[in-house]
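The block underneath contains the structure these notes are about, expressed in structure tokens.
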């Protein structure tokens, strides 16, 4: 009988890709989601698979979580309010979903149930961008988003049988697409608008493909005993780039892309860092999908987008 993985936030940008990868890897999957972003089209194609199940519910509801955990061997807790701006819009909801739901999960789960949890590497705060952030670099989150995710990570790592990943900025196509993520946004601007106005052009970020993230979660499930109770940076070491470098990487594939630099904004998380994923590599996993291939994938995907509801062309 296959091991079962409970994926909270299963209809999200990461979750909808992860469920597919888990089933392909031979796991049974229960996706739990509250349908905040509409119906579950992102997982419709999995419904014919008898190893897949779906539960509509809220990760903050004890009865829902108790029932969902009953048959789970592992939990990937993706449910959350993601991004500084989204979190600032509703601080009470953010604290409830991003931290209190983790505390509830930790209370209800068996010590034998491995939890895999995504933190954000924006938790490293306003670094200079000059030195590598490792897992030993102090966490100094600036935004409410960063603070709630780092608090949840600390709670889990103080408990048995948990693995956390500090995610780089994720990119790539997903059934539940996000256009706000930096690479996804830059490529969309290049393809659809033809230009971008860029602020903080020298600020550096680290990037990782959404399918590499899914594969890393599966690696953690398979190697939970060896990896447990440690955080791992998850990014492409070859993709520590400034925003200017990223824009010109997009321009290589979309030559008409016009890039204008202006001091007209600032990142609420003050993200300016380069990150090392050496610890994860030593644990047996390395991201494989290149930024260049991801840009090409996004260009292809954006050809499939129809005009918006308020556009004539």
Gain in length, residue 103 to residue 55, computed as 0.36 nm per residue apart minus the alpha-carbon separation, to one decimal in nm?
15.2 nm
With a 10 Å Cβ neighbour count serving as the proxy for reagent exposure, in which order, fewest first, do 94, 134, 64 appear?
134, 64, 94
Least to most buried among 85, 242, by other C-beta atoms within 10 Å and fewest first, runs 85, 242
Using Cβ contacts closer than 10 Å as the measure, can you line up 149, 307 from fewest to most?
307, 149
Once the piece of chain linking residue 254 and residue 201 is laid out straight, how much longer is it, given 0.36 nm per residue of separation minus the C-alpha distance between them?
17.2 nm
Mean projected area (nm²) from the convex hull of Cα positions in region 70-207 is 10.0 nm²
Any chance you could give the angle, 0 to 90 degrees and rounded to 10, that helix 243-253 forms with the longest Cα principal axis of the chain?
80 degrees
Here FRET efficiency (C-beta to C-beta, residue 264 to residue 2, R₀ 41 Å, nearest 0.05) is 0.20
Output the peptides 1-8, 251-258, 37-44 sorted from most to least packed, where packing is the average of other Cβ atoms within 10 Å over each peptide's residues.
1-8, 37-44, 251-258
Can you give the extra length, in nm with one decimal, that the chain gains between residue 67 and residue 244 once fully stretched, where that is 0.36 nm per residue apart less the Cα-Cα distance?
58.9 nm
If packing is taken as the mean number of other Cβ atoms within 10 Å per residue, what is the order of 178-187, 213-222, highest first?
213-222, 178-187
Could you work out how far apart the two model spin labels at residue 159 and residue 35 are, taking each label as a point 7 Å from the Cα in the direction of the beta carbon, and quote it in nm?
2.8 nm
Measure nothing fancy, just the Cα-based angle from helix 210-222's long axis to the longest principal axis of the chain, in degrees from 0 to 90, nearest 10.
30 degrees
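FYI, it's all coordinate maths here, none of it is from the lab. This is a predicted model, so every value here is computed, not measured. Note that each Cβ is placed from the backbone with ideal geometry, even for glycine, and that neighbours are counted across all protein chains shown.
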